[in-house]
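Asks: Here it is, the structure, as structure tokens.
The values are calculated or read from the model by the stated rules, or taken from the named source; none is laboratory data. Just so it is clear, the model here is predicted, and its values are computed rather than measured. A quick note on method: Cβ atoms are made from the backbone with ideal geometry, for glycine too, and the neighbour counts reach across all protein chains shown. The accessibility values were calculated without ligands, DNA or RNA, using every heavy atom of the protein model including side chains. Shrake-Rupley method; radii C 1.70, N 1.55, O 1.52, S 1.80 Å.
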Amino acid sequence: MSEKVFVAHVTLSWGEKRDYLIANDVEPGLQHRLDTYGNSWNEVMQNALMNVPVAPYLPSNSVQPPIATAKVSDVEARDFGPTEEKLQRTRSQFIMAAMWEKQSAETTANFCTMTMIKPVKPKYLLMSTIGLMVPSTLMSGPIPSS
């Protein structure tokens, strides 16, 4: 049996359409939704905003490629094959459409840097250096300094 992967179809902010493999650490959650929710499993990712690399990673991993935010049009589960092997992986950062679409232009937005949020100490979260505009209504509590 082939390995199942998740492919995101996205539109970059300048209109270019691309496909990406979903980040490894996001796949288990999507697999759970696929197993649990039937045909509506991928609704959580539709119209989400997701960070994606827009240039290749170097073999040395010495330099991170430029990262852009893309809008997800759809996500599909499919078997891993030669086509999927050529795709880059998304970053782990995304915000569901249910969160960003309900915000109005009048809502104050804060710029924060974040990645996959991980607990590191009680009451603290680890955040990386990828910037996203996050409406202030989504912010809760102090953001710890690094």
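Asks: Keeping to the range 69-101, report how many residues are under 10 Å from Val5 (Cβ atoms) and within 12 Å of the chain's Cα centre (by Cα).
Replies: Total meeting the criteria: 1.
Asks: Can you find a residue in the range 30-38 that is of a type in the set (Val, Ile, Thr) and closer than 13 Å to Ala8 by Cβ?
Replies: no
Asks: I'd like the full set of residues that are outside any strand (DSSP E or B) and either among the charged types (D, E, K, R) or in contact with a Leu (Cβ under 6 Å, 6 or more places away or on another chain) (or both), limited to the range 73-96.
Replies: Those that are outside any strand (DSSP E or B) and either among the charged types (D, E, K, R) or in contact with a Leu (Cβ under 6 Å, 6 or more places away or on another chain) (or both): Glu84, Glu85, Lys86, Leu87, Arg91.
Asks: Return the pairs, sorted by first residue and then second, in which the second residue is in a loop (DSSP other than H, G, I, E, B) and open to solvent by 70 Å² or more (accessible area, probe 1.4 Å), the first residue lies in the range 21-42 and is under 11 Å from Thr90 (Cα atoms), the beta carbons are less than 9 Å apart, and the residues are 6+ apart or on different chains.
Replies: Cβ pairs passing all conditions: Leu21/Phe80.
Asks: Another question, then. Give the range 41-57 a look and list any residue that's of a type outside the set (D, E, K, R) and open to solvent by 80 Å² or more (accessible area, probe 1.4 Å), or say none.
Replies: Pro56, Tyr57
Asks: Take the residues of the range 21-59 that are under 13 Å from the mean Cα position of the chain (by Cα), among the hydrophobic types (A, V, I, L, M, F, W, C) and part of a helix (DSSP H, G or I): which is modelled with the lowest pLDDT?
Replies: For the range 21-59, the residue satisfying everything is Val44.
Asks: To continue, here is another question. Counting just the residues of the range 10-40 that are hydrophobic (A, V, I, L, M, F, W, C) and either out of contact with any strand residue (DSSP E or B) (no Cβ under 9 Å at 6 or more places or on another chain) or over 11 Å from Val52 (Cβ atoms) (or both), which one comes out surrounded by the fewest Cβ atoms within 10 Å (Cβ to Cβ)?
Replies: Of everything passing the filter in the range 10-40, Trp14 is surrounded by the fewest Cβ atoms within 10 Å (Cβ to Cβ).
Asks: Go through the range 77-91 and give me each residue that's of a type outside the set (A, V, I, L, M), more than 12 Å from Tyr20 (Cβ to Cβ) and either open to solvent by 50 Å² or more (accessible area, probe 1.4 Å) or touching a helix residue (DSSP H, G or I) at 6+ places or on another chain (Cβ under 9 Å) (or both).
Replies: Within the range 77-91, Arg78, Asp79, Phe80, Pro82, Thr83, Glu85 qualify.
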